[in-house]
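Undergrad: Here it is: the structure, laid out below.
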Amino acid sequence: MSVSPLDPAAELAPTGTIRAVPPEAGEPAASPPANRRLLPSLLMASLTLFATYGGLIAILLPSQILMIDEANKVGNLAVVTTISFVFTLFAQPIVGALSDRTRSRFGRRVPWMVLGAIIGGIFLFGLGSLTDILWITVFWVIIQVALNFFQAPLTAITADRFPRSKRGGASAMIGLGTQVGMTVGIMLAGAFAAQIGIGYAVFGGAVIVAALLFALVNRDWSSKHAAVDAFRWGAFFRGFWIDPRRHPDFAWAFAARFLLILGYFVVSAYQLYMLTDYIGLPLADAQGAVVTLTLVAFIPTLIAIALSGWWSDRVGRRKVFIYAASAVMVAGLAMPLLQPNMTGMVLMSIINGVGFGLYMSVDAALMTEVLPNEGVSAGKDLGILNVATNVPQALSPAIGGVIITSVGGYAMLFVFAIVFVILAAVATAPIKGVR
């Protein structure tokens, strides 16, 4: 890969070259060095995206489904989210692979971010007026696929524009946006719990605005005339299989993320119903309690993200923070078992906030360091790794529904989560290319 000797700012990135001047026609695609606007832009884009995820998943969608058929709310929520999982399973790796090859004057990532935001936003405007589970499912599938089209290229920007030594800080900024976004989203959705249609519209408009602002503020180098291999369908689809024998670090990183996210979200997916059925709160009180639980975790999570992201870059280590995060989360998930009341839920939220903050601050950085083939297909490969986030998150309601109705009720959700968080730490240990 050629790097201009006249370009002192040039640094190798997993997805190409970071260079201060645009590449010439026929050269590999490149990106400009990160400027002062990029970190806050990543923060705001992540914040908006995860505010939308948080508000929809924690409050608006389960409330809408409950109001349609309260007796079958658990089953209906599981149906809607499981079907959307089937359709969104490969959304991120596919759009990541397409963005790797995209040639436009706006660069490789931004066109897909804007397209996903516009489609997702438009369908969110219509979701609140629906009263039929079938049509809610159809709209939810389209919205989830579209938001994945926003998320996958956004994830690749860290690998595009930050050298390895600075990705802990960039990862922490995305983690901060994720956590703040989830908090803000749940608070905002709680405010619109009685006006679900307006709530959906607010999130839909916010996603569109965030994508457009990101595109305007963070101009990428044009990739319109960049070199690209000839497209072949066979090679395109074969690229989605990454042999774990040849790339074991990638496989272990995928497994570790999958296990931890499943353990975390199998509990949070049923938080509203847990408060009504396990703790015994009325629906209106439970909706407010979801906001309370989010708020008490907010500051501890922010502190954990800020300290561990900076610290991991300083010491050059990632895995130890994953181990620490897993241990803290296990302690947090045990609280509602020991105290099956609101106090136990509050303690879980605070302790889990610290653990998940530790995890989020370094996970994205770790993932960029296990990419196969020096990251030449980072958009696709990071999209595959994001499947390890989306699949367990999407499967959580279905798995949780089975546990609640057939295995042992809400208490068994915490046991299940504890086991899977421990397994995630075990799966991190064999990764050899990351300290």
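The values are calculated or read from the model by the stated rules, or taken from the named source; none is laboratory data. Every value quoted in this text rests on a predicted model; they were computed, and no experiment measured them. Cβ sites come from the backbone with ideal geometry, for glycine too, and all protein chains shown count toward neighbours. What goes into the accessible areas is simple: the full protein's heavy atoms, side chains included, and nothing from ligands, DNA or RNA. Shrake-Rupley method; radii C 1.70, N 1.55, O 1.52, S 1.80 Å.
Undergrad: Given the conditions (1) more than 23 Å from residue 405 (Cα to Cα); (2) modelled with pLDDT under 85; (3) open to solvent by 40 Å² or more (accessible area, probe 1.4 Å); (4) over 25 Å from the mean Cα position of the chain (by Cα), and given that residue 241 satisfies all but one, which numbered condition is not satisfied?
TA: Looking at each condition in turn, residue 241 falls short on (4).
Undergrad: Now a separate question. Going residue by residue through the range 145-163, is there one that turns out to be polar (S, T, N, Q), open to solvent by less than 10 Å² (accessible area, probe 1.4 Å), at pLDDT 85 or above and more than 22 Å from residue 301 (Cβ to Cβ)?
TA: yes
Undergrad: Still on this structure: Tell me whether the range 310-319 contains one or more residues that are of a type in the set (Lys, Arg), in contact (Cβ under 8 Å) with a residue 60 or more places away in the chain and buried (at least 18 other Cβ atoms within 10 Å of the Cβ).
TA: Among the residues of the range 310-319, at least one is of a type in the set (Lys, Arg), in contact (Cβ under 8 Å) with a residue 60 or more places away in the chain and buried (at least 18 other Cβ atoms within 10 Å of the Cβ), which makes the answer yes.
Undergrad: Residue pairs, Cβ under 8 Å, 6 or more apart or interchain, first in the range 391-407 and open to solvent by 30 Å² or more (accessible area, probe 1.4 Å), second of a type in the set (S, T, N, Q). List them.
TA: What qualifies is 395/82.
Undergrad: Six or more apart or on different chains, Cβ atoms under 6 Å: show the pairs whose first residue is in the range 185-196 and assigned to a helix (DSSP H, G or I) and open to solvent by less than 10 Å² (accessible area, probe 1.4 Å) and whose second is at pLDDT 85 or above and of a type outside the set (A, V, I, L, M).
TA: As it stands, the answer is 185/54; 185/55; 189/55; 189/199, since those pairs meet every condition given.
Undergrad: Hand me the list of helices (runs of 4 or more DSSP H) wholly inside the range 236-353 holding 2 or more residues that are aliphatic (A, V, I, L, M) and closer than 30 Å to residue 101 by Cα. Working first, answer last.
TA: Values: elements: 248-268, 271-277, 283-315, 319-338.
Here the list reads 248-268.
Undergrad: Looking at the range 106-125, which of its residues are over 28 Å from residue 399 (Cβ atoms) and either outside any helix (DSSP H, G or I) or under 16 Å from the mean Cα position of the chain (by Cα) (or both)? Break it down into steps so the answer makes sense when it comes.
TA: Narrowing the range 106-125 to residues over 28 Å from residue 399 (Cβ atoms): 106-115, 117-119, 121-122, 125.
Selection gives 106, 107, 108, 109, 113, 117.
Undergrad: Please tell me if residue 120 is out of contact with any Phe, Trp or Tyr (no Cβ under 6 Å at 6 or more places or on another chain), in contact (Cβ under 8 Å) with a residue 24 or more places away in the chain, closer than 14 Å to residue 151 by Cα and buried (at least 19 other Cβ atoms within 10 Å of the Cβ).
TA: On the way: out of contact with any Phe, Trp or Tyr (no Cβ under 6 Å at 6 or more places or on another chain): yes; in contact (Cβ under 8 Å) with a residue 24 or more places away in the chain: yes; closer than 14 Å to residue 151 by Cα: yes; buried (at least 19 other Cβ atoms within 10 Å of the Cβ): yes.
In short, yes.
Here is a yes/no grid of residues against (1) at pLDDT 70 or above; (2) not in a loop (DSSP other than H, G, I, E, B):
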{"site": "8", "(1), (2)": "no, no"}
{"site": "22", "(1), (2)": "yes, no"}
{"site": "28", "(1), (2)": "yes, no"}
{"site": "39", "(1), (2)": "yes, yes"}
{"site": "42", "(1), (2)": "yes, yes"}
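Undergrad: Test each condition in (1) surrounded by fewer than 20 Cβ atoms within 10 Å (Cβ to Cβ); (2) in a helix (DSSP H, G or I); (3) of a type in the set (A, V, I, L, M, F, W, C) for residue 56 and report the one that comes out false.
TA: Result: residue 56 fails condition (1) only.
Undergrad: Here is a further query. Hey, residue 103 hits all of (1) in a helix (DSSP H, G or I); (2) of a type outside the set (Asp, Glu); (3) farther than 19 Å from residue 195 by Cα; (4) touching a residue at least 12 places away in the same chain (Cβ under 8 Å) but one; which does it fall short on?
TA: Here residue 103 meets the rest and fails (1).
Undergrad: Tell me which residues, restricted to the range 77-99, are open to solvent by less than 30 Å² (accessible area, probe 1.4 Å) and either over 11 Å from residue 148 (Cα atoms) or not in a helix (DSSP H, G or I) (or both).
TA: Listed by number, the residues that qualify are 77, 78, 80, 81, 84, 97, 99.
Undergrad: All but one of (1) open to solvent by 10 Å² or more (accessible area, probe 1.4 Å); (2) farther than 30 Å from residue 276 by Cα; (3) in a helix (DSSP H, G or I); (4) modelled with pLDDT of 75 or more hold for residue 374; which doesn't?
TA: (4)
Undergrad: For the range 408-432, which residues satisfy the criterion of being outside any helix (DSSP H, G or I) and over 10 Å from residue 253 (Cα atoms)?
TA: Kept after step one, since they are outside any helix (DSSP H, G or I), are these residues of the range 408-432: 408-409, 429-432.
408, 409, 432 - these are the residues of the range 408-432 that are outside any helix (DSSP H, G or I) and over 10 Å from residue 253 (Cα atoms).
Undergrad: Take residue 136 and decide whether it is under 21 Å from residue 52 (Cβ atoms) and surrounded by fewer than 18 Cβ atoms within 10 Å (Cβ to Cβ).
TA: Values: under 21 Å from residue 52 (Cβ atoms): yes; surrounded by fewer than 18 Cβ atoms within 10 Å (Cβ to Cβ): no.
No; evaluated as a whole, the condition is false for this residue.
Undergrad: Based on this model, can you work out whether residue 340 counts as over 21 Å from the mean Cα position of the chain (by Cα), touching a residue at least 60 places away in the same chain (Cβ under 8 Å) and buried (at least 18 other Cβ atoms within 10 Å of the Cβ)? Break it down stepwise before answering.
TA: Numbers: over 21 Å from the mean Cα position of the chain (by Cα): yes; touching a residue at least 60 places away in the same chain (Cβ under 8 Å): yes; buried (at least 18 other Cβ atoms within 10 Å of the Cβ): no.
Against the criterion (over 21 Å from the mean Cα position of the chain (by Cα), touching a residue at least 60 places away in the same chain (Cβ under 8 Å) and buried (at least 18 other Cβ atoms within 10 Å of the Cβ)), residue 340 does not qualify.
Undergrad: Testing residue 380 on (1) in contact with a Gly (Cβ under 6 Å, 6 or more places away or on another chain); (2) modelled with pLDDT of 80 or more; (3) among the basic types (Lys, Arg), one condition comes back false. Which one is that?
TA: (2)
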